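Asks: Quick one: the structure is below, questions incoming.
The values are calculated or read from the model by the stated rules, or taken from the named source; none is laboratory data. Predicted model, so just to flag it, every value in this text is computed and none were measured. Here the Cβ positions follow ideal geometry from the backbone for every residue, glycine too, while neighbour counts run over all protein chains shown.
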Amino acid sequence: MKVKTTVEFKFHNAYCGWSGLEFTDSDENRVEIKMTDEDYLSLADTLQRKAERIREERAELAAEQQRALEAQENENK
């Protein structure tokens, strides 16, 4: 039988050690994850893709806001 545990808490701090990651929330609850070098490389790829997507979405939002601001300025002229 396989036991599955899900832990949810708000990220506050992370520490990357030689053999794993440690995450801590504001109440000092801690989750430790043992990781291999391959695990770290896989995580790095995943985080990079996620960060790129977030940056693209923010750039699109900023461009939309800039266009709206310019349109509003043109209406006020």
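Asks: State which residue is farthest from the chain's Cα centre (by Cα) when the search covers only the stretch 31-65 and only residues that are farther than 20 Å from residue 12 by Cα and basic (Lys, Arg).
Replies: This residue is 58.
Asks: Same structure again: Under 9 Å by Cβ, and 6 or more places apart or on different chains, what pairs join a residue from the stretch 13-30 that is assigned to a loop (DSSP other than H, G, I, E, B) with one that is among the β-branched types (Val, Ile, Thr)?
Replies: What qualifies is 19/36; 25/31; 29/7.
Asks: Taking the stated definitions as given, is residue 6 surrounded by 10 or more Cβ atoms within 10 Å (Cβ to Cβ), under 19 Å from the mean Cα position of the chain (by Cα) and among the hydroxyl-bearing types (Ser, Thr, Tyr)?
Replies: no
Asks: While we're looking at this one, here's another question. When you check residue 74 against the structure, is it more than 16 Å from the chain's Cα centre (by Cα), surrounded by 10 or more Cβ atoms within 10 Å (Cβ to Cβ) and either aromatic (Phe, Trp, Tyr) or at pLDDT below 95 (or both), yes or no?
Replies: no
Asks: Identify all residues within the stretch 31-70 that are in a helix (DSSP H, G or I) and either acidic (Asp, Glu) or in contact with a Ser or Thr (Cβ under 9 Å, 6 or more places away or on another chain) (or both); write none if there are none.
Replies: Of everything in the stretch 31-70, those that are in a helix (DSSP H, G or I) and either acidic (Asp, Glu) or in contact with a Ser or Thr (Cβ under 9 Å, 6 or more places away or on another chain) (or both) turn out to be 37, 38, 39, 45, 52, 56, 57, 60, 64, 70.
Asks: Another question about this same structure. Among the numbered criteria (1) modelled with pLDDT of 95 or more; (2) more than 18 Å from the chain's Cα centre (by Cα), which single criterion is violated by residue 28?
Replies: Result: residue 28 passes all but (1).
Asks: Could I ask something else about it? Out of the stretch 21-36, which residues are of a type in the set (A, V, I, L, M), closer than 15 Å to residue 6 by Cα and out of contact with any Leu (no Cβ under 7 Å at 6 or more places or on another chain)?
Replies: Passing the criteria: only 31.
Asks: Can you run down the residue pairs with Cβ atoms below 6 Å, 6 or more apart or on separate chains, where the first is in the stretch 32-56 and of a type in the set (D, E, K, R) and the partner is not in a loop (DSSP other than H, G, I, E, B)?
Replies: 32/20; 32/22; 34/20
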